[in-house]
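Enquirer: Take a look at the following structure, please.
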Amino acid sequence: MSKNSQEHDDKRIDFKFGVPELLYKQAGGRCSVPRCKNPTMGPFYEREGAVNMGVACHIHSASKNGPRGWGGKDAEFIGSECNGIWCCQYHASLIDKASGFDYPAEVLFAWKALAEARTRKQMNDSPSPLGWVESIEFTSFLSLSPLPKLTLSRNTIMWGKSCCGKTALLEAAAAISQSKYSDRFNGTKTKGADGKYHPATFCAKIIYSTVDTLSKELNLMITGQKLTRLESSILYILPPGDLEIVFCSESDSHKLKSEDDIDLMMRVLNVDKSALFALASIGTKTIIPGEIKFEHAEEWDETNDIASPKHKEDGSPYYKLLFKMSPRAEFLPYANLSKSEKGRLIIDLLITKAREISKQRLTLLLIESLAINFDAGNFKSLLEALTNEEFQSVVSLPPIRENDVLDNFAGQPKLKKLEYLESWRLAIVGEKPDS
């Protein structure tokens with residue numbers, strides 16, 4: 001390395017004059033890390049005046065080789081308030097540990113936006129959908145130890161050994177918004193002290209923050225066919241209004257005999273007909289760009305040797321979904337798409353759904369088995385696309401893609417150092433803390 005190059009890498013770009021004070025004011029004088037209650041300003045103990053316990057932190061580092069680097073930004077941006085976040089002394093130190101690996105820039109920018117939205121809400125009651133989902137975990141799960149837990153980043157890749165509770169964890173979280181996902185726990189029984197078998201109880205909790213609530217803990221209890229949602233001692237009869245979990249299980253994508261394509265998509269996407277048509281009008285734009293339309297299907301009448309309108313078992317019209325992948329291509333029936341294409345189409349619509357909901361409330365997208373057949377290129381495209389979204393996302397790593405994204409050091413999987421994985425963090429489910 002030349003001397004000039006070395007000097008360039010060692011160059012430090014400090015905040016411009018007045019930026020630290022501005023960051024303090026924008027965050028309302030509080031640490032910007034969700035759920036943190038540490039004060040950043042207070043009085044001296046034995047004399048007049050106040051002591052500052054807060055730190056104006058760079059998101060992209062002040063030096064090129066520092067935590068999170070410069071991220072391709074110029075000096076003007078690095079030294080501006082746009083690149084700063086106000087933290088307490090504890091979190092100011094924590095976010096830079098391990099070269100900032102555990103706290104990527106995308107996470108800190110999201111926290112900065114949430115902190116500033118909270119300040120605006122307190123000043124003028126301006127609503128905001130911003131928030132942060134911190135963790136999902138089981139607090140009671142029959143026969144599983146350790147209990148499954150997932151700590152979230154902005155974009156999280158979930159991995160774990162077979163039968164560690166990954167799917168159960170996602171479905172329990174999804175039950176917050178759609179109770180049908182708690183059905184997988186139905187029928188599980190355990191032997192009681194009376195020698196009889198009783199429905200087993202599964203308990204889970206999700207911890208999150210919104211503009212209105214610094215820290216919120218939502219608890220789920222599933223016993224038999226009964227799902228109970230609780231915040232502290234308050235019973236939620238309906239899903240919470242400040243959080244949406246967007247999810248589709250692989251079993252959702254299997255068409256029922258009584259369904260046409262409209263019925264299938266409504267069930268897969270957990271939307272009503274008007275929302276489905278709205279999503280279809282937007283089309284797919286993210287991982288499999290294309291155009292969607294529905295039309296009344298026809299079937300061949302061999303008796304009369306003509307095509308006649310197709311109907312469902314109840315006599316109502318049978319509609320099919322048609323998909324065109326490019327302007328010059330022909331529309332293809334959904335039934336004629338490959339399994340991977342069907343998975344990409346559904347995930348693309350789920351991303352659009354999450355994008356629209358995130359304009360109104362905190363949104364978390366969970367993707368599991370629908371991506372199981374993705375090849376390396378399609379899986380990479382999915383991860384790249386999700387990093388550009390405003391909502392948090394969790395993608396369960398398909399076994400066939402493990403060698404593409406994971407390195408194994410001394411038996412401990414880690415994400416490879418690839419550009420498209422820089423914004424993602426690996427969460428391992430089912431491992432004991434000391435393993």
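The values are calculated or read from the model by the stated rules, or taken from the named source; none is laboratory data. Bear in mind that the values here come from a model prediction, so they are computed numbers and not experimental data. Here Cβ is always computed from backbone atoms with ideal geometry, including for glycine, and neighbour counts include all displayed protein chains.
Enquirer: Take S258 and tell me if it is under 26 Å from A173 (Cα atoms) and either crowded, with 19+ Cβ neighbours inside 10 Å or touching a residue at least 24 places away in the same chain (Cβ under 8 Å) (or both).
Expert: On the way: under 26 Å from A173 (Cα atoms): no; either crowded, with 19+ Cβ neighbours inside 10 Å or touching a residue at least 24 places away in the same chain (Cβ under 8 Å) (or both): yes.
No.
Enquirer: Would you say H91 is over 25 Å from T213 (Cα atoms), buried (at least 21 other Cβ atoms within 10 Å of the Cβ) and either at pLDDT 90 or above or not assigned by TED's automatic domain parsing to the domain that holds K11 (or both)?
Expert: no
Enquirer: Confirm whether T210 is among the polar types (S, T, N, Q) and surrounded by 18 or more Cβ atoms within 10 Å (Cβ to Cβ).
Expert: Yes, satisfied.
Enquirer: Taking the stretch 159-207 on its own, how many of its residues are among the basic types (K, R), exposed (fewer than 13 other Cβ atoms within 10 Å of the Cβ) and without any contact (Cβ under 8 Å) to a residue 12 or more places away in the chain?
Expert: The number of residues fulfilling the criteria is 3.
Enquirer: Hey, can you tell me all the residues within the stretch 114-145 that are of a type in the set (A, V, I, L, M) and under 17 Å from the mean Cα position of the chain (by Cα)? Spell out how you get there, then give the answer.
Expert: Within the stretch 114-145, the first condition is being of a type in the set (A, V, I, L, M), and the residues that meet it are 114-115, 117, 123, 130, 133, 136, 142, 144.
L114, L130, V133, I136 - these are the residues of the stretch 114-145 that are of a type in the set (A, V, I, L, M) and under 17 Å from the mean Cα position of the chain (by Cα).
Enquirer: Being touching a His at 6+ places or on another chain (Cβ under 6 Å), assigned by TED's automatic domain parsing to the domain that holds P104 and at positive phi narrows it down to one residue among G49, G29, G71, G18; which is it?
Expert: G71
Enquirer: Does the stretch 391-405 contain any residue that is touching a Gly at 6+ places or on another chain (Cβ under 8 Å) and modelled with pLDDT of 95 or more?
Expert: No, the stretch 391-405 contains no residue that is touching a Gly at 6+ places or on another chain (Cβ under 8 Å) and modelled with pLDDT of 95 or more.
Enquirer: Another question about this same structure. If L366 satisfies every condition in (1) of a type in the set (A, V, I, L, M, F, W, C); (2) over 14 Å from the mean Cα position of the chain (by Cα); (3) under 30 Å from S281 (Cα atoms); (4) surrounded by 22 or more Cβ atoms within 10 Å (Cβ to Cβ) but one, which is the exception?
Expert: (2)
Enquirer: Could you please give the count of residues in the stretch 301-343 that are more than 25 Å from L269 (Cβ to Cβ) and touching a strand residue (DSSP E or B) at 6+ places or on another chain (Cβ under 6 Å)?
Expert: 4
Enquirer: Can you name every residue in the stretch 107-141 that is out of contact with any helix residue (DSSP H, G or I) (no Cβ under 9 Å at 6 or more places or on another chain) and more than 25 Å from L426 (Cβ to Cβ)?
Expert: Matches in the stretch 107-141: A117, R118, R120, K121, Q122, M123, N124, D125, S140.
Enquirer: Only one of these conditions is not met by S143: (1) hydroxyl-bearing (S, T, Y); (2) at pLDDT 95 or above; (3) on the phi > 0 side of the Ramachandran plot. Which number is it?
Expert: (2)
Enquirer: When the residues of the stretch 292-311 are filtered to those that are modelled with pLDDT under 95 and surrounded by 15 or more Cβ atoms within 10 Å (Cβ to Cβ), which remaining residue is nearest to the chain's Cα centre (by Cα)?
Expert: Out of the qualifying residues, it is A297.
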